[in-house]
1. Limiting things to C-alpha atoms, what are the Rg and the maximum Cα-Cα separation (Dmax) for the range 1-89, in angstroms?
2. Which FRET efficiency value, to the nearest 0.05, is calculated for His76 and Cys30 with the Förster distance at 22 angstrom and r the Cβ-Cβ distance?
3. With a Förster radius of 41 Å, plug the Cβ-Cβ distance of Ser118 and Glu40 into 1/(1 + (r/R0)^6) and report the FRET value to the nearest 0.05.
4. Give me the one-decimal nm value for the distance between modelled label points at Ala57 and Lys105, 7 Å along each residue's Cα-to-Cβ direction.
Amino acid sequence: MPQRILIVDDDPANIELLEVMFGTFNVEVCSATLGSQALEMARDRQPSLIVLDAMLADMTGFEVCAQLKAEPATAHIPIAMLTGRIDEAARRKADEVGADHFLVKPVMRADLRVLLDSTLK
């Protein structure tokens, strides 16, 4: 059975692009556009990896990450924060809330391969 990746982004075009790129790596992909959806899906589906945009419509990705890392049922799931911000403050915030990886948009296919290789062993 392939690994399951949960993509969380409020922009359907970004989700579609990531689904296409991840699809070339033989992984199952599911997606959410809201932080509340992501929390529920992470609990129910137990993905192998979550790629989480920093800015969502109902809450920030940083808030979602902090909640997931605080819950015993989801704390073990690796989370890659995804943002268009390249400043050090965003990286520090991602570290503070427990993110395992930090990706800057636009993400290249090679970046996702490295992420999968380092996360899904």
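Rule-based calculations on the coordinates, nothing more; no lab input. Since the structure is predicted, the reported quantities are computational estimates derived from the model, not experimental observations. For neighbour counting, all protein chains shown are included, and Cβ atoms are generated from backbone atoms with ideal geometry for every residue, glycine included.
1. Reported Rg and Dmax, both Å: 12.3, 38.
2. 0.80
3. 0.95
4. Distance between label points: 1.5 nm.
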